[in-house]
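Below is one structure, written out as structure tokens, with a few remarks after it.
The values are calculated or read from the model by the stated rules, or taken from the named source; none is laboratory data. On a predicted model such as this, the values are computed, not experimentally measured, just so you know. Positions of Cβ are backbone-derived with ideal geometry, glycine not excepted, and every protein chain shown enters the neighbour counts. To get the accessible areas, we keep the full protein, side chains included, count just its heavy atoms, and leave off ligands, DNA and RNA. Shrake-Rupley method; radii C 1.70, N 1.55, O 1.52, S 1.80 Å.
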Amino acid sequence: MVMYAAQILKKLTPEDFRILIAIERGMSTYSYVPLNLIVKISGLSFDDAALHLSKTHSLKLILRRIGPYTGYRLNYNGYDVLALNVLSKRKSVEAIGGIIAQGKESDVYEALAPGGVRIIAKFFRLGRTSFKQVRRTRFFIGLRRHTSWLYKSRLAALNEFKALEILYKHGFFTPKPIDSNRHVVIMSYINGVPLYTVDELENPAEVFKSVINNLRLALSIGLVHGDLSEYNIMLTPEQLTYIIDWVQWVDVNHPSAHNLLKRDIKNITQYFARKYGLRSDVGKIYDELRGVMKR
Ligand SMILES: Nc1ncnc2c1ncn2[C@@H]1O[C@H](COP(=O)(O)OP(=O)(O)OP(=O)(O)O)[C@@H](O)[C@H]1O
Ligand SMILES: [Mg+2]
């Protein structure tokens, strides 16, 4: 999907981008942006607008609805194109490589920055699951819902990027935030594997300790992860742990912070108990970490 957007990028003219951006703007108010509004926002003549709408539509970057009025909206291809265009102009991304992971709510790609530096591009895809459900049940949900999925993906990216910025500034073991645009976060590549894929650890107690130390540091910086598990911990060959996937973080003063912290500790403690027979006292760890959290 992203590969497609990356290839299409080269085929697009400034007028095509004016159309896509006009639709994006219009989508703050409309689920399907009326043709005449697109013409107006784009500043193109009616004929030119129609031409570039037809081109971007046949390239599958936008959806068209012919009903009481003819309207258009961006799909994730179109949104990808807009984000990649900005990220490549800023020289944050030079090429998109293979997909590493496809989650419920994101696609994670390997990518290259200029100079051949290996990086990660995370594309948020909120609403994808429910969209499938919608198709399955053939239930036609309110069009406005769709508008908000792109917007929600953008908020998710913004949220994760913000967390990475705060954490990285304080020397936390997390990917380095490189850039972000729309629903995409560009970050450094962590040379490691997700903890859940590791079959054996030489020293599980040390790795567990390193995760708890990371948690403590995050709390002292003011963040609770909120979705901690063996899936969101990367282990490097040097046995260092990096915590990734900061979409759901909350500030330590957030009303849910304590509950989320407790859950984070529980998840990771249970994992080490189950897999490595490592017993630790959740309550004790929570009490100790809670102290760091008080501000
Ligand atoms: N900076 C990174 N360096 C190396 N690999 C990464 C990096 N970020 C993510 N990955 C890989 O991609 C996978 C998924 O990443 P992440 O946990 O951030 O998203 P996700 O779980 O798919 O998100 P969601 O559950 O919201 O759909 C990780 O398990 C890891 O293998
Ligand atoms: Mg994850």
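Side notes on the structure shown:
- Taking (1) free of Cβ contacts under 8 Å to residues at least 12 places away in the same chain; (2) closer than 29 Å to residue 156 by Cβ in turn, residue 291 satisfies each apart from (2).
- Checking each residue in the range 102-119 for being surrounded by 16 or more Cβ atoms within 10 Å (Cβ to Cβ) and either away from ligand 2 (no atom under 11 Å from the Cβ) or within 15 Å of residue 179 (Cβ to Cβ) (or both) picks out 107, 109, 111, 112, 113, 119.
- Of the residues making up the range 154-189, those that are part of a helix (DSSP H, G or I) and open to solvent by 70 Å² or more (accessible area, probe 1.4 Å) are 154, 155, 158, 162, 165, 168, 169.
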